[in-house]
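K.L.:
Structure provided below as structure tokens; questions to follow.
Since every read-out is calculated from the coordinates, none of them should be taken as a lab result. Predicted, not measured: the structure shown is a model, and the values here were computed from it. No Cβ is skipped: glycine too gets one built from the backbone with ideal geometry, and neighbour counts run over all protein chains shown.
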Amino acid sequence: MSSASTQPEPKKRRFGRNRKPKDPNNPGRIAQVRQVFSMTRKADPAAVWWMVFAALAVLVVALLVGLWLDQVVYLLILGVPLALLAAVIILGRRAERAAFTQIEGQPGASAAVLQQLRRGWYYDQEPVAAEAGGQVRGMRDLNNAAMVFRAVGRPGVVLISEGPRGSAQRLAKAEERKVARVVGAEVPVHTINVGTADGQVPLRRVVKTIKGYDKALTNDEALVVQQRMKALGNRNKPAIPAGMDPTRPPRASRRALRGR
């Protein structure tokens, strides 16, 4: 007989499915919603009152319609899930705004916003051009750096610049001339300067602004333009210190924002 002790195997359940152990790195949907709610409440305390107001408004409408149709109980039963849905929608919008507020002003925030673009868009996580005004030694130097990010889709080529306004606009103009030489005059090139001053686009409205451009290309033509941009190469990448990735700021889970 072997002297080594063996652990007994866990008993299998006769009825039903065996439950898998929970993964701490993959919380459930309810846990994700709780995390988003906690983050939103800390960044935007008024979000809770907006959620309550939306839910109560739906219930009041259901009550009034029920009194009018003489079906109060039936309409209230339908109004409860609709009220919860309205509260979740408000939570998603306020959470998105709170997430933008947290990353606004951080180097590489535009790259995080571009991740919200859907199918048919091509973008790079790293800036296609940067100007730090000297040698970059740490994140403090990157906070004062001008960066340009690029997205390609059916509206054409979109250049998103961030950082000091003068340097960012000058860098975007230089990148615009370079792109125009590669893709030609028939492909529109749009520029967006991210910021809160006059003439700038706030970070939370960047995706909406990009989607508002008129479509000038087909999906195949957009793919060809993206391949040309890849062939151009990123010659002016910023000298980012080792171990730092400013293009990935913290952001809330998109699945939790949708309440799924």
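K.L.:
How about the range 197-234: which trypsin sites (Lys or Arg not before Pro) there lie in a loop by DSSP and see at most 15 other Cβ atoms within 10 Å?
P.N.:
Of the trypsin sites (Lys or Arg not before Pro), the ones in loops of the range 197-234 whose Cβ has at most 15 other Cβ atoms within 10 Å are Lys215.
K.L.:
State, in angstrom, two size descriptors of the range 29-103 derived from its alpha carbons: Rg to one decimal place and Dmax to the nearest whole number.
P.N.:
14.8, 50
K.L.:
While we're here: Could you please state, rounded to a whole Å, how far the C-alpha centre of the range 35-84 is from the C-alpha centre of the range 193-222?
P.N.:
What the calculation gives is 34 Å, centre to centre.
K.L.:
Beta carbons within 10 angstrom, averaged per residue: use that to sort the peptides 56-62, 92-98, highest first.
P.N.:
Result, highest mean Cβ count within 10 Å first: 92-98, 56-62.
K.L.:
I've got another one for you. Where does each of 188-198, 108-118, 63-73 land if you order them by average Cβ count within 10 Å, highest first?
P.N.:
108-118, 188-198, 63-73
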